[in-house]
Amino acid sequence: MKKIILVVGGITILSFLFIKCMPEKEPVKPPNILYIMSDDHAFQAISAYGGSHLRTPNIDRIAREGAIFNRSFVTNSICAPSRAVLLTGKHSFINGKVDNIHPFNWDQDNFPKILQRNGYQTAMIGKIHLDGIPQGFDFSMVLPGQGHYYNPDFLIEGERKRFEGYVTDIITETTLDWLKNKRDPDKPFCVLYHQKAPHRNWKPAPEYLTLFDDTTFMPPENFFDTYEDRGSAAKEQEMQIDGHMQWGHDFKMRTSPEGEETRFGNELKRFNEEQLEQWLAAYTPKNEAMKAANLTGKALAIWKYNRYIKDYLRTIKSVDDGVGEVLDYLDESGLAENTIVIYTSDQGFYLGEHGWFDKRFMYEESFRTPILMRYPKEIRPGTQINQLIQNLDFAPTFLDYAGVEIPADFQGESFRQIVSGEKSEWRDAIYYTYYEYPSVHMVKRHYGVRTDRYKLMHFYYDIDEWEMYDLEKDPQEMKNIYDDPEYAQVKELMHERLVEMQEKYGDSKENDEAFLEAYLESMKERNK
Ligand code: SGN
Ligand code: CA
(Lines give C-alpha, C1' and ligand atoms only; values in the text may rest on other atoms or scores of the structure.)
(Ligands and ions follow the chains in the order given, each with its own letter.)
Protein backbone atom coordinates (compact mmCIF):
# COMPACT_ATOMS: atom_id res chain seq x y z
CA MET A 1 0.00 0.00 0.00
CA LYS A 2 2.79 2.40 1.07
CA LYS A 3 4.61 1.53 -2.13
CA ILE A 4 1.58 2.41 -4.22
CA ILE A 5 1.15 5.74 -2.45
CA LEU A 6 4.83 6.50 -2.96
CA VAL A 7 4.68 5.65 -6.66
CA VAL A 8 1.49 7.66 -7.23
CA GLY A 9 2.96 10.56 -5.23
CA GLY A 10 6.14 10.38 -7.27
CA ILE A 11 4.25 10.42 -10.54
CA THR A 12 2.20 13.41 -9.37
CA ILE A 13 5.33 15.35 -8.43
CA LEU A 14 7.03 14.38 -11.66
CA SER A 15 4.09 15.38 -13.83
CA PHE A 16 3.78 18.64 -11.89
CA LEU A 17 7.44 19.40 -12.55
CA PHE A 18 7.02 18.38 -16.20
CA ILE A 19 4.07 20.71 -16.72
CA LYS A 20 5.91 23.49 -14.89
CA CYS A 21 8.95 23.16 -17.13
CA MET A 22 6.94 23.07 -20.38
CA PRO A 23 6.84 26.34 -22.27
CA GLU A 24 3.51 28.03 -21.63
CA LYS A 25 0.96 27.15 -24.30
CA GLU A 26 0.27 30.16 -26.47
CA PRO A 27 -3.34 31.26 -26.21
CA VAL A 28 -5.27 30.65 -29.44
CA LYS A 29 -4.95 33.77 -31.55
CA PRO A 30 -8.25 34.96 -33.02
CA PRO A 31 -8.14 34.82 -36.81
CA ASN A 32 -7.50 37.84 -38.97
CA ILE A 33 -10.20 38.78 -41.45
CA LEU A 34 -9.49 40.03 -44.95
CA TYR A 35 -12.85 40.87 -46.50
CA ILE A 36 -12.60 41.67 -50.20
CA MET A 37 -15.68 43.18 -51.79
CA SER A 38 -16.01 44.38 -55.34
CA ASP A 39 -18.85 46.50 -56.62
CA ASP A 40 -21.27 44.77 -59.00
CA HIS A 41 -19.09 41.73 -59.68
CA ALA A 42 -21.38 39.08 -61.18
CA PHE A 43 -20.62 35.45 -60.34
CA GLN A 44 -20.88 34.82 -64.11
CA ALA A 45 -17.63 36.79 -64.49
CA ILE A 46 -15.56 34.59 -62.14
CA SER A 47 -13.96 31.55 -63.73
CA ALA A 48 -14.34 29.49 -60.53
CA TYR A 49 -18.13 29.80 -61.11
CA GLY A 50 -17.76 28.56 -64.66
CA GLY A 51 -17.63 32.02 -66.22
CA SER A 52 -15.86 31.46 -69.49
CA HIS A 53 -15.20 35.01 -70.76
CA LEU A 54 -12.33 35.95 -68.47
CA ARG A 55 -9.96 33.90 -66.33
CA THR A 56 -9.75 35.16 -62.75
CA PRO A 57 -6.92 32.95 -61.44
CA ASN A 58 -6.35 34.84 -58.21
CA ILE A 59 -9.98 35.01 -57.14
CA ASP A 60 -10.33 31.34 -58.15
CA ARG A 61 -7.41 30.48 -55.91
CA ILE A 62 -9.51 31.39 -52.85
CA ALA A 63 -12.09 28.78 -53.86
CA ARG A 64 -9.52 26.16 -54.79
CA GLU A 65 -7.81 26.48 -51.42
CA GLY A 66 -11.11 26.95 -49.58
CA ALA A 67 -14.82 27.09 -50.36
CA ILE A 68 -17.13 28.33 -53.07
CA PHE A 69 -20.74 29.24 -52.29
CA ASN A 70 -23.16 28.13 -54.98
CA ARG A 71 -26.32 29.56 -53.45
CA SER A 72 -25.32 32.87 -51.91
CA PHE A 73 -27.60 35.89 -52.07
CA VAL A 74 -28.14 39.42 -50.86
CA THR A 75 -31.22 40.69 -49.03
CA ASN A 76 -31.61 43.84 -51.16
CA SER A 77 -29.74 44.00 -54.45
CA ILE A 78 -28.30 47.49 -54.38
CA CYS A 79 -25.06 49.01 -53.25
CA ALA A 80 -25.40 51.07 -50.08
CA PRO A 81 -28.17 48.92 -48.54
CA SER A 82 -26.09 45.80 -49.13
CA ARG A 83 -23.14 47.34 -47.31
CA ALA A 84 -25.39 48.38 -44.43
CA VAL A 85 -26.59 44.77 -44.14
CA LEU A 86 -22.99 43.53 -44.15
CA LEU A 87 -22.04 45.88 -41.30
CA THR A 88 -25.13 45.54 -39.11
CA GLY A 89 -26.19 41.94 -39.74
CA LYS A 90 -29.75 43.23 -40.07
CA HIS A 91 -32.23 43.50 -42.92
CA SER A 92 -32.64 46.90 -44.57
CA PHE A 93 -36.01 47.57 -42.94
CA ILE A 94 -34.36 47.14 -39.51
CA ASN A 95 -31.05 49.00 -40.08
CA GLY A 96 -32.91 51.78 -41.91
CA LYS A 97 -30.76 51.93 -45.07
CA VAL A 98 -33.37 50.64 -47.51
CA ASP A 99 -32.12 52.37 -50.67
CA ASN A 100 -29.19 54.45 -51.93
CA ILE A 101 -31.06 57.63 -50.94
CA HIS A 102 -32.02 57.19 -47.27
CA PRO A 103 -29.25 58.25 -44.83
CA PHE A 104 -27.33 55.55 -42.96
CA ASN A 105 -27.10 55.81 -39.22
CA TRP A 106 -23.46 55.06 -38.36
CA ASP A 107 -24.25 55.35 -34.65
CA GLN A 108 -25.88 51.92 -34.58
CA ASP A 109 -23.69 48.99 -33.64
CA ASN A 110 -21.83 47.12 -36.36
CA PHE A 111 -19.51 44.10 -36.47
CA PRO A 112 -16.23 46.09 -36.89
CA LYS A 113 -17.13 48.13 -33.77
CA ILE A 114 -17.69 44.90 -31.86
CA LEU A 115 -14.41 43.45 -33.12
CA GLN A 116 -12.64 46.65 -32.06
CA ARG A 117 -14.11 46.39 -28.58
CA ASN A 118 -12.69 42.87 -28.47
CA GLY A 119 -9.12 43.67 -29.32
CA TYR A 120 -9.13 43.77 -33.12
CA GLN A 121 -7.53 46.45 -35.23
CA THR A 122 -9.83 47.38 -38.10
CA ALA A 123 -9.56 49.21 -41.42
CA MET A 124 -11.92 50.20 -44.22
CA ILE A 125 -10.31 50.94 -47.59
CA GLY A 126 -12.18 51.74 -50.82
CA LYS A 127 -15.86 52.05 -51.62
CA ILE A 128 -18.41 52.01 -48.81
CA HIS A 129 -21.04 54.33 -50.31
CA LEU A 130 -22.48 55.29 -46.93
CA ASP A 131 -22.36 59.00 -46.08
CA GLY A 132 -20.55 60.20 -42.99
CA ILE A 133 -17.29 59.13 -41.40
CA PRO A 134 -17.20 55.35 -41.10
CA GLN A 135 -17.48 54.17 -37.51
CA GLY A 136 -15.82 51.01 -36.28
CA PHE A 137 -12.47 51.49 -38.00
CA ASP A 138 -9.02 52.41 -36.69
CA PHE A 139 -8.25 53.56 -40.20
CA SER A 140 -10.56 54.53 -43.03
CA MET A 141 -9.85 55.74 -46.52
CA VAL A 142 -13.01 55.74 -48.61
CA LEU A 143 -14.27 57.02 -51.92
CA PRO A 144 -16.79 59.83 -51.63
CA GLY A 145 -20.03 58.35 -53.06
CA GLN A 146 -19.34 56.33 -56.21
CA GLY A 147 -15.82 57.67 -56.70
CA HIS A 148 -13.84 57.94 -59.94
CA TYR A 149 -11.83 55.36 -61.87
CA TYR A 150 -9.05 57.79 -62.83
CA ASN A 151 -7.28 60.10 -60.39
CA PRO A 152 -9.88 59.55 -57.67
CA ASP A 153 -10.47 61.59 -54.53
CA PHE A 154 -10.52 59.74 -51.22
CA LEU A 155 -11.72 60.72 -47.78
CA ILE A 156 -9.06 59.83 -45.25
CA GLU A 157 -10.70 60.00 -41.83
CA GLY A 158 -13.10 62.46 -43.45
CA GLU A 159 -10.46 64.62 -45.15
CA ARG A 160 -10.52 64.82 -48.95
CA LYS A 161 -7.37 64.10 -50.95
CA ARG A 162 -6.84 63.46 -54.67
CA PHE A 163 -4.67 60.54 -55.79
CA GLU A 164 -3.04 60.27 -59.18
CA GLY A 165 -3.56 56.89 -60.83
CA TYR A 166 -6.10 54.11 -61.29
CA VAL A 167 -8.59 53.53 -58.50
CA THR A 168 -8.27 49.72 -58.28
CA ASP A 169 -4.50 49.91 -57.98
CA ILE A 170 -4.66 52.69 -55.39
CA ILE A 171 -7.07 50.68 -53.22
CA THR A 172 -4.83 47.61 -53.44
CA GLU A 173 -1.66 49.59 -52.68
CA THR A 174 -3.28 51.28 -49.70
CA THR A 175 -4.48 47.94 -48.34
CA LEU A 176 -1.01 46.42 -48.71
CA ASP A 177 0.59 49.45 -47.12
CA TRP A 178 -1.79 49.18 -44.17
CA LEU A 179 -1.09 45.47 -43.76
CA LYS A 180 2.66 45.89 -44.05
CA ASN A 181 3.33 49.15 -42.25
CA LYS A 182 0.36 50.45 -40.29
CA ARG A 183 -0.87 47.33 -38.60
CA ASP A 184 -0.21 46.48 -34.97
CA PRO A 185 1.32 42.98 -35.22
CA ASP A 186 0.17 42.15 -31.70
CA LYS A 187 -3.50 42.49 -32.57
CA PRO A 188 -5.70 40.45 -34.88
CA PHE A 189 -6.89 42.54 -37.81
CA CYS A 190 -10.04 42.93 -39.83
CA VAL A 191 -9.64 44.82 -43.07
CA LEU A 192 -12.42 45.65 -45.51
CA TYR A 193 -10.71 45.92 -48.90
CA HIS A 194 -13.47 47.26 -51.15
CA GLN A 195 -13.01 47.86 -54.85
CA LYS A 196 -15.06 50.30 -56.90
CA ALA A 197 -14.68 48.11 -60.00
CA PRO A 198 -16.49 46.71 -61.88
CA HIS A 199 -19.15 49.40 -61.27
CA ARG A 200 -20.58 51.42 -64.15
CA ASN A 201 -19.15 53.02 -66.29
CA TRP A 202 -16.40 50.40 -66.51
CA LYS A 203 -13.28 52.42 -67.33
CA PRO A 204 -10.37 49.95 -67.68
CA ALA A 205 -6.82 50.52 -66.45
CA PRO A 206 -4.29 51.76 -69.03
CA GLU A 207 -2.69 48.31 -69.35
CA TYR A 208 -6.00 46.61 -70.20
CA LEU A 209 -7.55 49.09 -72.63
CA THR A 210 -7.11 46.72 -75.55
CA LEU A 211 -7.61 43.38 -73.80
CA PHE A 212 -10.12 41.29 -75.84
CA ASP A 213 -9.84 43.56 -78.88
CA ASP A 214 -9.50 40.50 -81.09
CA THR A 215 -12.38 38.58 -79.53
CA THR A 216 -16.12 38.67 -80.16
CA PHE A 217 -18.30 37.43 -77.31
CA MET A 218 -21.72 35.94 -77.90
CA PRO A 219 -24.42 37.22 -75.56
CA PRO A 220 -26.41 34.89 -73.27
CA GLU A 221 -29.23 32.82 -74.72
CA ASN A 222 -31.99 35.10 -73.48
CA PHE A 223 -30.31 38.36 -74.56
CA PHE A 224 -33.14 39.15 -77.01
CA ASP A 225 -35.79 38.54 -74.34
CA THR A 226 -39.20 40.08 -75.11
CA TYR A 227 -40.54 39.60 -71.57
CA GLU A 228 -43.73 37.81 -72.51
CA ASP A 229 -45.01 35.41 -69.84
CA ARG A 230 -43.86 37.87 -67.20
CA GLY A 231 -45.39 40.88 -65.49
CA SER A 232 -45.00 44.60 -66.06
CA ALA A 233 -41.94 44.95 -63.81
CA ALA A 234 -39.77 42.98 -66.26
CA LYS A 235 -41.28 44.86 -69.20
CA GLU A 236 -41.04 48.39 -67.82
CA GLN A 237 -37.48 48.47 -66.45
CA GLU A 238 -34.85 50.77 -67.96
CA MET A 239 -31.81 48.56 -67.94
CA GLN A 240 -31.45 47.25 -71.45
CA ILE A 241 -28.01 47.21 -73.02
CA ASP A 242 -29.62 47.83 -76.39
CA GLY A 243 -32.02 50.56 -75.44
CA HIS A 244 -30.96 52.28 -72.24
CA MET A 245 -27.18 52.46 -72.47
CA GLN A 246 -25.75 55.76 -73.67
CA TRP A 247 -23.30 56.42 -76.50
CA GLY A 248 -21.12 58.60 -74.29
CA HIS A 249 -21.26 57.33 -70.70
CA ASP A 250 -21.51 53.62 -71.47
CA PHE A 251 -20.06 53.12 -74.94
CA LYS A 252 -17.38 55.78 -74.45
CA MET A 253 -17.82 57.65 -77.70
CA ARG A 254 -17.39 61.40 -77.91
CA THR A 255 -19.81 61.53 -80.82
CA SER A 256 -22.62 59.08 -81.46
CA PRO A 257 -22.83 57.19 -84.78
CA GLU A 258 -25.45 59.80 -85.73
CA GLY A 259 -22.83 62.50 -85.23
CA GLU A 260 -24.23 64.01 -82.04
CA GLU A 261 -21.76 65.14 -79.44
CA THR A 262 -22.02 63.19 -76.18
CA ARG A 263 -20.84 64.21 -72.73
CA PHE A 264 -17.99 61.70 -72.69
CA GLY A 265 -15.53 64.46 -73.57
CA ASN A 266 -16.23 65.91 -70.10
CA GLU A 267 -15.34 62.63 -68.43
CA LEU A 268 -11.97 62.63 -70.19
CA LYS A 269 -11.11 65.98 -68.60
CA ARG A 270 -10.19 64.13 -65.43
CA PHE A 271 -7.39 62.21 -67.16
CA ASN A 272 -3.80 63.43 -67.16
CA GLU A 273 -2.02 63.85 -70.48
CA GLU A 274 -0.48 60.41 -70.56
CA GLN A 275 -3.69 58.67 -69.53
CA LEU A 276 -5.63 60.57 -72.16
CA GLU A 277 -3.18 59.69 -74.87
CA GLN A 278 -3.30 55.98 -73.99
CA TRP A 279 -7.09 56.07 -73.82
CA LEU A 280 -7.56 57.74 -77.16
CA ALA A 281 -4.99 55.51 -78.84
CA ALA A 282 -6.99 52.49 -77.67
CA TYR A 283 -10.58 53.65 -78.25
CA THR A 284 -10.42 55.92 -81.30
CA PRO A 285 -9.67 53.18 -83.85
CA LYS A 286 -12.33 50.88 -82.31
CA ASN A 287 -14.93 53.64 -82.38
CA GLU A 288 -14.13 54.57 -85.96
CA ALA A 289 -14.33 50.97 -87.11
CA MET A 290 -17.71 50.66 -85.44
CA LYS A 291 -19.05 53.77 -87.18
CA ALA A 292 -17.71 52.62 -90.54
CA ALA A 293 -19.51 49.29 -90.18
CA ASN A 294 -22.96 50.99 -90.16
CA LEU A 295 -24.44 48.31 -87.94
CA THR A 296 -28.18 48.00 -87.40
CA GLY A 297 -30.63 45.68 -85.61
CA LYS A 298 -29.23 42.58 -83.93
CA ALA A 299 -25.68 43.21 -85.19
CA LEU A 300 -25.69 46.62 -83.50
CA ALA A 301 -27.10 45.10 -80.29
CA ILE A 302 -24.29 42.53 -80.29
CA TRP A 303 -21.70 45.28 -80.80
CA LYS A 304 -23.14 47.12 -77.79
CA TYR A 305 -23.05 43.95 -75.73
CA ASN A 306 -19.39 43.48 -76.69
CA ARG A 307 -18.37 47.04 -75.83
CA TYR A 308 -20.09 46.61 -72.46
CA ILE A 309 -18.84 43.15 -71.54
CA LYS A 310 -15.26 43.81 -72.61
CA ASP A 311 -14.96 47.00 -70.57
CA TYR A 312 -16.63 45.29 -67.62
CA LEU A 313 -14.20 42.37 -67.78
CA ARG A 314 -11.18 44.62 -68.31
CA THR A 315 -11.91 46.36 -65.01
CA ILE A 316 -12.14 42.95 -63.32
CA LYS A 317 -8.72 42.01 -64.60
CA SER A 318 -7.23 44.73 -62.35
CA VAL A 319 -9.35 43.54 -59.42
CA ASP A 320 -8.03 40.01 -59.88
CA ASP A 321 -4.44 41.26 -60.09
CA GLY A 322 -4.93 43.06 -56.77
CA VAL A 323 -6.32 39.93 -55.11
CA GLY A 324 -3.20 38.09 -56.29
CA GLU A 325 -0.89 40.67 -54.77
CA VAL A 326 -2.64 40.59 -51.43
CA LEU A 327 -2.74 36.77 -51.31
CA ASP A 328 0.97 36.69 -52.12
CA TYR A 329 1.65 39.07 -49.26
CA LEU A 330 -0.29 36.85 -46.83
CA ASP A 331 1.90 33.92 -47.93
CA GLU A 332 5.19 35.80 -47.68
CA SER A 333 4.39 37.27 -44.28
CA GLY A 334 3.22 33.97 -42.81
CA LEU A 335 -0.24 35.41 -42.18
CA ALA A 336 -2.12 33.11 -44.58
CA GLU A 337 -2.71 30.26 -42.12
CA ASN A 338 -4.54 32.37 -39.54
CA THR A 339 -6.36 34.70 -41.90
CA ILE A 340 -9.90 34.26 -43.17
CA VAL A 341 -10.10 35.55 -46.73
CA ILE A 342 -13.48 36.31 -48.29
CA TYR A 343 -14.11 37.45 -51.84
CA THR A 344 -17.59 38.74 -52.58
CA SER A 345 -19.60 41.51 -54.22
CA ASP A 346 -22.33 43.84 -52.95
CA GLN A 347 -24.80 42.05 -55.24
CA GLY A 348 -24.99 40.29 -58.57
CA PHE A 349 -25.24 41.91 -61.98
CA TYR A 350 -26.76 41.23 -65.39
CA LEU A 351 -24.26 40.51 -68.11
CA GLY A 352 -26.80 40.53 -70.90
CA GLU A 353 -29.25 38.02 -69.39
CA HIS A 354 -32.75 39.26 -70.37
CA GLY A 355 -30.89 41.88 -72.42
CA TRP A 356 -29.94 43.72 -69.21
CA PHE A 357 -27.17 45.35 -67.25
CA ASP A 358 -27.48 46.61 -63.61
CA LYS A 359 -29.14 44.72 -60.75
CA ARG A 360 -32.00 45.47 -58.26
CA PHE A 361 -34.33 42.61 -59.24
CA MET A 362 -34.89 39.50 -57.19
CA TYR A 363 -34.37 37.49 -60.37
CA GLU A 364 -31.35 35.24 -59.93
CA GLU A 365 -28.45 37.08 -61.59
CA SER A 366 -28.79 40.15 -59.40
CA PHE A 367 -30.14 38.42 -56.29
CA ARG A 368 -27.17 36.06 -56.19
CA THR A 369 -23.71 37.26 -55.23
CA PRO A 370 -20.41 35.41 -55.38
CA ILE A 371 -18.79 34.23 -52.14
CA LEU A 372 -15.43 32.49 -52.07
CA MET A 373 -13.73 31.87 -48.76
CA ARG A 374 -10.45 30.52 -47.49
CA TYR A 375 -9.41 29.67 -43.95
CA PRO A 376 -6.86 26.86 -43.95
CA LYS A 377 -7.45 26.01 -40.28
CA GLU A 378 -11.10 25.09 -40.75
CA ILE A 379 -12.02 24.86 -44.42
CA ARG A 380 -10.98 21.97 -46.61
CA PRO A 381 -9.73 22.93 -50.10
CA GLY A 382 -12.35 22.49 -52.80
CA THR A 383 -15.37 22.75 -50.46
CA GLN A 384 -18.72 23.38 -52.19
CA ILE A 385 -21.41 25.16 -50.18
CA ASN A 386 -24.98 24.66 -51.41
CA GLN A 387 -26.95 26.06 -48.48
CA LEU A 388 -28.94 29.30 -48.88
CA ILE A 389 -26.50 31.85 -47.45
CA GLN A 390 -27.16 35.60 -47.38
CA ASN A 391 -24.97 38.68 -46.85
CA LEU A 392 -26.94 39.02 -43.60
CA ASP A 393 -24.81 36.14 -42.29
CA PHE A 394 -21.39 37.79 -42.59
CA ALA A 395 -21.51 39.84 -39.38
CA PRO A 396 -22.49 36.96 -37.06
CA THR A 397 -20.05 34.64 -38.82
CA PHE A 398 -17.11 36.97 -38.22
CA LEU A 399 -18.01 37.41 -34.56
CA ASP A 400 -18.27 33.65 -34.21
CA TYR A 401 -14.72 33.19 -35.57
CA ALA A 402 -13.48 35.97 -33.30
CA GLY A 403 -14.93 34.13 -30.31
CA VAL A 404 -17.20 37.04 -29.47
CA GLU A 405 -20.83 36.76 -28.40
CA ILE A 406 -23.25 37.45 -31.25
CA PRO A 407 -25.78 40.13 -30.25
CA ALA A 408 -29.29 38.71 -29.96
CA ASP A 409 -30.71 41.27 -32.39
CA PHE A 410 -28.42 40.24 -35.27
CA GLN A 411 -30.67 38.63 -37.87
CA GLY A 412 -28.21 36.47 -39.77
CA GLU A 413 -26.70 33.17 -38.68
CA SER A 414 -23.06 32.18 -38.43
CA PHE A 415 -22.12 29.83 -41.27
CA ARG A 416 -18.83 28.85 -39.63
CA GLN A 417 -19.93 25.26 -39.01
CA ILE A 418 -21.41 25.00 -42.48
CA VAL A 419 -18.10 25.80 -44.17
CA SER A 420 -16.13 23.60 -41.82
CA GLY A 421 -18.53 20.74 -42.54
CA GLU A 422 -19.40 20.29 -38.86
CA LYS A 423 -23.08 20.71 -39.55
CA SER A 424 -25.34 20.67 -42.56
CA GLU A 425 -28.83 21.64 -41.33
CA TRP A 426 -29.59 25.18 -42.32
CA ARG A 427 -32.50 27.46 -43.23
CA ASP A 428 -34.58 26.43 -46.22
CA ALA A 429 -35.91 29.84 -47.27
CA ILE A 430 -34.60 33.39 -47.63
CA TYR A 431 -36.28 36.79 -47.71
CA TYR A 432 -35.74 39.75 -50.03
CA THR A 433 -36.86 43.41 -50.21
CA TYR A 434 -36.21 46.17 -52.77
CA TYR A 435 -37.34 49.80 -52.42
CA GLU A 436 -35.61 52.20 -54.79
CA TYR A 437 -38.44 53.21 -57.13
CA PRO A 438 -39.17 55.46 -58.94
CA SER A 439 -35.48 55.91 -59.69
CA VAL A 440 -32.73 55.23 -62.21
CA HIS A 441 -33.42 51.93 -64.09
CA MET A 442 -37.05 51.91 -62.93
CA VAL A 443 -37.13 48.56 -61.18
CA LYS A 444 -40.38 48.40 -59.27
CA ARG A 445 -40.60 47.94 -55.52
CA HIS A 446 -40.86 44.28 -54.59
CA TYR A 447 -40.24 41.66 -51.96
CA GLY A 448 -40.26 37.90 -52.00
CA VAL A 449 -39.18 34.54 -50.70
CA ARG A 450 -36.93 31.93 -52.28
CA THR A 451 -36.64 28.30 -51.33
CA ASP A 452 -34.35 25.77 -52.91
CA ARG A 453 -36.69 25.32 -55.85
CA TYR A 454 -39.24 28.15 -55.96
CA LYS A 455 -39.39 31.90 -55.85
CA LEU A 456 -42.43 34.02 -55.04
CA MET A 457 -42.37 37.79 -55.54
CA HIS A 458 -44.79 40.65 -55.11
CA PHE A 459 -44.33 43.86 -57.10
CA TYR A 460 -46.22 46.78 -55.57
CA TYR A 461 -46.60 50.57 -55.25
CA ASP A 462 -47.82 51.51 -58.75
CA ILE A 463 -48.74 47.91 -59.61
CA ASP A 464 -49.96 44.90 -57.66
CA GLU A 465 -48.56 41.82 -59.35
CA TRP A 466 -47.37 38.45 -58.16
CA GLU A 467 -44.78 36.29 -59.90
CA MET A 468 -43.64 32.77 -59.15
CA TYR A 469 -40.89 30.71 -60.77
CA ASP A 470 -39.90 27.07 -60.75
CA LEU A 471 -36.12 27.43 -60.70
CA GLU A 472 -35.55 23.77 -61.38
CA LYS A 473 -37.57 23.73 -64.60
CA ASP A 474 -36.98 27.33 -65.56
CA PRO A 475 -33.62 28.54 -64.19
CA GLN A 476 -33.65 31.58 -66.47
CA GLU A 477 -37.02 32.71 -65.04
CA MET A 478 -38.78 33.13 -68.36
CA LYS A 479 -42.24 31.95 -67.34
CA ASN A 480 -44.31 33.28 -64.46
CA ILE A 481 -46.27 30.31 -63.10
CA TYR A 482 -48.21 32.22 -60.45
CA ASP A 483 -51.55 31.51 -62.12
CA ASP A 484 -50.70 28.04 -63.37
CA PRO A 485 -53.26 25.65 -61.76
CA GLU A 486 -50.66 22.89 -61.66
CA TYR A 487 -48.74 24.93 -59.11
CA ALA A 488 -51.75 25.93 -56.97
CA GLN A 489 -50.52 23.98 -53.99
CA VAL A 490 -46.95 25.23 -54.28
CA LYS A 491 -48.30 28.76 -54.49
CA GLU A 492 -50.20 28.32 -51.25
CA LEU A 493 -47.14 26.95 -49.51
CA MET A 494 -44.95 29.75 -50.83
CA HIS A 495 -47.41 32.34 -49.52
CA GLU A 496 -47.17 30.69 -46.12
CA ARG A 497 -43.37 30.80 -46.30
CA LEU A 498 -43.51 34.47 -47.18
CA VAL A 499 -45.63 35.36 -44.14
CA GLU A 500 -43.36 33.24 -41.98
CA MET A 501 -40.29 35.18 -43.24
CA GLN A 502 -41.95 38.54 -42.63
CA GLU A 503 -42.80 37.53 -39.09
CA LYS A 504 -39.37 36.10 -38.44
CA TYR A 505 -37.52 39.23 -39.55
CA GLY A 506 -40.10 41.80 -38.42
CA ASP A 507 -41.13 43.24 -41.77
CA SER A 508 -44.54 44.82 -42.20
CA LYS A 509 -46.68 47.05 -44.37
CA GLU A 510 -46.17 49.85 -41.83
CA ASN A 511 -42.39 49.66 -42.36
CA ASP A 512 -42.96 50.04 -46.01
CA GLU A 513 -45.27 53.03 -45.79
CA ALA A 514 -42.87 54.94 -43.57
CA PHE A 515 -39.93 54.31 -45.92
CA LEU A 516 -42.00 55.23 -48.94
CA GLU A 517 -43.11 58.53 -47.45
CA ALA A 518 -39.52 59.50 -46.56
CA TYR A 519 -38.32 58.43 -49.99
CA LEU A 520 -40.86 60.50 -51.89
CA GLU A 521 -40.07 63.48 -49.66
CA SER A 522 -36.32 63.28 -50.36
CA MET A 523 -36.95 62.83 -54.08
CA LYS A 524 -39.01 66.03 -54.02
CA GLU A 525 -36.11 67.81 -52.30
CA ARG A 526 -33.64 66.49 -54.87
CA ASN A 527 -35.74 67.59 -57.80
CA LYS A 528 -36.29 71.10 -56.45
C1 SGN B 1 -25.36 55.04 -60.60
C2 SGN B 1 -25.31 54.33 -61.95
C3 SGN B 1 -26.49 53.38 -62.07
C4 SGN B 1 -26.51 52.44 -60.87
C5 SGN B 1 -26.55 53.27 -59.60
C6 SGN B 1 -26.53 52.45 -58.36
N7 SGN B 1 -25.32 55.28 -63.01
O8 SGN B 1 -26.46 55.87 -60.54
O9 SGN B 1 -26.38 52.66 -63.27
O10 SGN B 1 -27.61 51.61 -60.91
O11 SGN B 1 -25.40 54.10 -59.57
O12 SGN B 1 -25.39 51.65 -58.31
S13 SGN B 1 -23.94 56.06 -63.36
O14 SGN B 1 -24.30 56.91 -64.50
O15 SGN B 1 -23.53 56.83 -62.23
O16 SGN B 1 -22.94 55.11 -63.75
S17 SGN B 1 -24.88 51.23 -56.92
O18 SGN B 1 -23.90 50.15 -57.13
O19 SGN B 1 -24.26 52.37 -56.31
O20 SGN B 1 -26.04 50.77 -56.18
CA1 CA C 1 -23.07 47.74 -56.34
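The values are calculated or read from the model by the stated rules, or taken from the named source; none is laboratory data. This is a predicted model, so every value here is computed, not measured. Quick reminder, even Gly has a Cβ in these numbers, built from the backbone with ideal geometry, and neighbours come from all protein chains shown. The area values use the complete protein model at the heavy-atom level, side chains included, leaving out ligands, DNA and RNA. Shrake-Rupley method; radii C 1.70, N 1.55, O 1.52, S 1.80 Å.
Comparison of 141, 124 shows that the only residue that is open to solvent by less than 40 Å² (accessible area, probe 1.4 Å), within 17 Å of residue 85 (Cα to Cα) and in the same structural domain as residue 181 (by TED's automatic domain parsing) is 124. In segment 417-463, of all residues being surrounded by fewer than 16 Cβ atoms within 10 Å (Cβ to Cβ) and of a type in the set (Ser, Thr, Tyr), the one that is nearest to ligand 1 (Cβ to nearest atom) corresponds to 461. All of 126, 165, 145, 132 fail the test of being within 30 Å of residue 280 (Cβ to Cβ) and over 20 Å from the mean Cα position of the chain (by Cα), apart from 165. When residue 214 is tested against (1) surrounded by fewer than 18 Cβ atoms within 10 Å (Cβ to Cβ); (2) within 16 Å of ligand 2 (Cβ to nearest atom), only condition (2) is not met. When 270, 314 are checked against the criterion of being basic (Lys, Arg), assigned by TED's automatic domain parsing to the domain that holds residue 178 and under 30 Å from residue 175 (Cα atoms), a single residue qualifies: 314. Considering segment 354-396, the residues that are among the acidic types (Asp, Glu) and away from ligand 1 (no atom under 16 Å from the Cβ) include one that is farthest from residue 458 (Cα to Cα), namely 378. When the criteria are applied in full, residue 111 fails the requirement of being away from ligand 1 (no atom under 12 Å from the Cβ) and touching a Lys or Arg at 6+ places or on another chain (Cβ under 7 Å). Considering segment 248-283, the residues that are touching a strand residue (DSSP E or B) at 6+ places or on another chain (Cβ under 8 Å) and within 16 Å of ligand 1 (Cβ to nearest atom) include one that is most open to solvent (accessible area, probe 1.4 Å), namely 270. A single entry from 92, 82, 72, 77 fulfils the requirement of being more than 16 Å from ligand 1 (Cβ to nearest atom) and either modelled with pLDDT of 95 or more or touching a strand residue (DSSP E or B) at 6+ places or on another chain (Cβ under 7 Å) (or both): 72.
Go through (1) at pLDDT 95 or above; (2) open to solvent by 80 Å² or more (accessible area, probe 1.4 Å) and name the single condition residue 513 misses. Result: residue 513 fails condition (1) only. Do the conditions hold for residue 335, that is, is it away from ligand 2 (no atom under 13 Å from the Cβ), in contact (Cβ under 8 Å) with a residue 40 or more places away in the chain, open to solvent by less than 10 Å² (accessible area, probe 1.4 Å) and more than 25 Å from residue 79 (Cα to Cα)? So residue 335 fails the test. Among the residues of this structure, residue 28 does not count as one that is open to solvent by less than 10 Å² (accessible area, probe 1.4 Å) and among the β-branched types (Val, Ile, Thr).
Could you look through segment 344-399, keep only residues that are more than 16 Å from ligand 2 (Cβ to nearest atom), more than 25 Å from residue 111 (Cα to Cα) and part of a strand (DSSP E or B), and pick out the one that is least open to solvent (accessible area, probe 1.4 Å)? So the residue we want is 383.
Can you tell me which residue among 156, 133 is open to solvent by 10 Å² or more (accessible area, probe 1.4 Å) and at pLDDT below 95?
Going through 156, 133 in turn, just one is open to solvent by 10 Å² or more (accessible area, probe 1.4 Å) and at pLDDT below 95: 133.
How many residues does segment 56-109 contain that are without any contact (Cβ under 8 Å) to a residue 40 or more places away in the chain and either β-branched (Val, Ile, Thr) or not in a helix (DSSP H, G or I) (or both)? Qualifying residue count, segment 56-109: 8. All of 107, 60 fail the test of being within 17 Å of residue 132 (Cα to Cα), open to solvent by 10 Å² or more (accessible area, probe 1.4 Å) and more than 16 Å from ligand 2 (Cβ to nearest atom), apart from 107.
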